[in-house]
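K.L.:
Quick one: the structure is below, questions incoming.
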Amino acid sequence: MKRTDKYQLGYFEQNDFTSAVTEMQRWESVDAQLFALFSIIGNGIYTGWDLLSSTGLNVTISPGSGHVAFVAVESTESFTIEGLLQNSRMYVYAELQEDSYWTKNVNFAAYTSLRQDDSESLYLGYVDVDDVGLTNINEDDRSYLGFQHLINTAVANHRHIGG
């Protein structure tokens with residue numbers, strides 16, 4: 001069997017046969033390389049997933065995409081979390097679903113406390129809720145993809161001093 005130059009992945013030509021060992025090596029190599037790439041890029045929002053005020057005790061998340069737990073996911077329609085707790089601060093997260101690896105689907109949920117050391121979700125921000133609806137939306141500490149965060153920070157901090 002022939003192998004690629006860089007990663008020595010086995011490949012087949014017409015009339016060749018495969019083996020379980022070769023297939024395992026090939027997919028373990030692909031898996032390791034993709035994980036390395038996602039580790040460099042990081043987890044975070046690529047675009048969208050803004051928290052928007054909605055009627056009543058609800059918050060709407062705009063369509064968007066990003067990396068959650070090193071998986072690329074996206075939502076193509078707005079999603080509304082209904083029935084937020086009155087008189088509370090609700091922390092909003094994007095979360096993986098069982099089929100996220102294959103479908104890129106993502107779920108959204110709100111909690112009354114920050115989720116510590118949760119590798120299966122991505123923090124989007126929080127909303128303050130009173131008796132009838134949202135009083136405040138805060139997205140200050142949300143995570144963006146590494147390279148995009150660097151660009152956004154550079155643009156936000158850029159100041160013209162003349163000349």
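The values are calculated or read from the model by the stated rules, or taken from the named source; none is laboratory data. Note that the coordinates shown come from a computational prediction; the quantities given were computed from them, not determined experimentally. Ideal geometry is used to build each Cβ from the backbone, glycine not excepted, and the neighbour counts take in all protein chains shown. Side chains included, ligands, DNA and RNA excluded: accessible areas come from the protein's heavy atoms. Shrake-Rupley method; radii C 1.70, N 1.55, O 1.52, S 1.80 Å.
K.L.:
Kirkwood Rh, the range 13-97, all Cα pairs: how many Å?
P.N.:
Working: mean 1/r = 0.0620 Å⁻¹.
For the range 13-97, inverting the mean 1/r across all distinct Cα pairs yields 16.1 Å.
K.L.:
Give the accessible surface of the range 26-128 per residue, rounded to a whole number of Å², with probe radius 1.4 Å and ligands, DNA and RNA excluded.
P.N.:
Numbers: 5600 Å² over 103 residues.
For the range 26-128, the per-residue accessible area is 54 Å².
K.L.:
For the chain, take the longest principal axis of its alpha carbons; what is the angle in degrees between that and the long axis of helix 146-157, to the nearest 10 within 0 to 90?
P.N.:
Tilt relative to the chain: about 40 degrees.
K.L.:
What value, in deg cm²/dmol to 500, does the helix sum -39500 (n - 2.57) over DSSP H runs of n ≥ 4 give at 222 nm once divided by the residues of the chain?
P.N.:
On the way: 3 runs with 38 residues, N = 163.
Calculated from helices alone, the mean residue ellipticity at 222 nm is -7500 deg cm²/dmol.
K.L.:
Oh, and also: Which FRET efficiency, nearest 0.05, do A156 and E120 yield, Cβ-Cβ r, R0 30 Å?
P.N.:
Numbers: r = 30 Å, r/R0 = 0.99.
With R0 = 30 Å, the Cβ-Cβ based efficiency is 0.50.
K.L.:
Which whole-number percent is the relative contact order of the chain (Cα, under 8 Å, 6+ apart)? Present the calculation step by step, with values, prior to reporting the outcome.
P.N.:
Numbers: 298 pairs, mean separation 32.8, N = 163.
It rounds to 20 percent for the chain.
K.L.:
May I pose another question? Ratio of the range 95-147's C-alpha Rg to 2.2 N^0.38 Å, to two decimals? Numbers along the way, then the final one.
P.N.:
Values: Rg = 13.5 Å, N = 53, 2.2 N^0.38 = 9.9 Å.
Its radius of gyration relative to the 2.2 N^0.38 Å reference: 1.36.
K.L.:
Of all the accessible heavy-atom surface of the chain, with the other protein chains kept in place and a 1.4 Å probe, what percent is carbon and sulfur? Could the numbers behind the result be given before it?
P.N.:
Details: 5540 of 10610 Å².
Exposed carbon and sulfur together represent 52 percent of the surface.
K.L.:
Taking Cα atoms of the chain, Rg/Rh with Kirkwood Rh, to two decimals? Please report the intermediate quantities before stating the final value.
P.N.:
Values: Rg = 21.2 Å, Rh = 18.5 Å.
Rounded to two decimals, Rg over Rh is 1.15.
K.L.:
At 0.36 nm per residue, and after removing the present C-alpha to C-alpha distance, how many nm does the segment from E28 to T47 gain when stretched out fully?
P.N.:
3.8 nm
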